[in-house]
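The values are calculated or read from the model by the stated rules, or taken from the named source; none is laboratory data. It should be emphasised that the depicted structure is a prediction, and the values quoted were computed from it without experimental measurement. Methodologically, a virtual Cβ is constructed for each residue, glycine included, from the backbone with ideal geometry; neighbour enumeration extends over all protein chains shown.
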Amino acid sequence: MNRYADIYDAEYTGSGRHRKMLMRDRAAQFAPFAALTGFDAIINEQARYTDSFTGLCEDDLDKLDEKLALLTERLPECPEVTLVYFVKDRYKPGGSFEQKTGVIRLIDTVSRQFVFYDKSVIALDDVVSIEL
């Protein structure tokens with residue numbers, strides 16, 4: 001026989017010392033517990049994909065120099081330019097390729113930067129392609 005057969009059909013009368021707990025309070029006891037706070041953020045950061053960039057080959061560098069010379073000649077005309085450049089990731093190796101379209105105000109050959117009219121600056125060494 002079962003040891004608890006005599007109490008299966010007995011009705012629970014509650015505790016004499018404690019009042020009955022509300023259902024929402026009872027549910028709060030079983031709410032999810034994040035034992036590893038921040039673990040999801042670390043996993044997502046590791047899973048985030050970054051591109052790698054080793055540099056341009058000689059042919060691509062020559063084409064880029066030709067476009068840069070053409071852009072320097074046409075700079076007084078204020079042409080709209082699209083630059084594709086590489087941005088290094090701050091947290092892990094690699095980075096991403098980004099694109100900026102605008103009018104270049106100045107090509108600073110000393111600090112090797114493109115300066116746009118909206119005051120954004122892109123390093124000349126990070127540029128992969130120039131479209132006029």
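In summary, THR37 fulfils each of the numbered conditions (1) under 21 Å from the mean Cα position of the chain (by Cα); (2) at pLDDT 90 or above with the single exception of condition (2). Going through (1) at negative phi; (2) surrounded by fewer than 10 Cβ atoms within 10 Å (Cβ to Cβ); (3) part of a loop (DSSP other than H, G, I, E, B); (4) not charged (D, E, K, R) one by one, GLY55 falls short only on (1). Pairing residues of the stretch 91-102 that are more than 24 Å from TYR117 (Cα to Cα) with residues that are aromatic (Phe, Trp, Tyr), at Cβ distances under 6 Å and at least 6 apart in sequence or on separate chains, gives GLY95/PHE86. Being loosely packed, with under 10 Cβ neighbours inside 10 Å and in contact with a Gly (Cβ under 9 Å, 6 or more places away or on another chain), is that true of even one residue in the stretch 10-20? Scanning the stretch 10-20 turns up at least one residue that is loosely packed, with under 10 Cβ neighbours inside 10 Å and in contact with a Gly (Cβ under 9 Å, 6 or more places away or on another chain).
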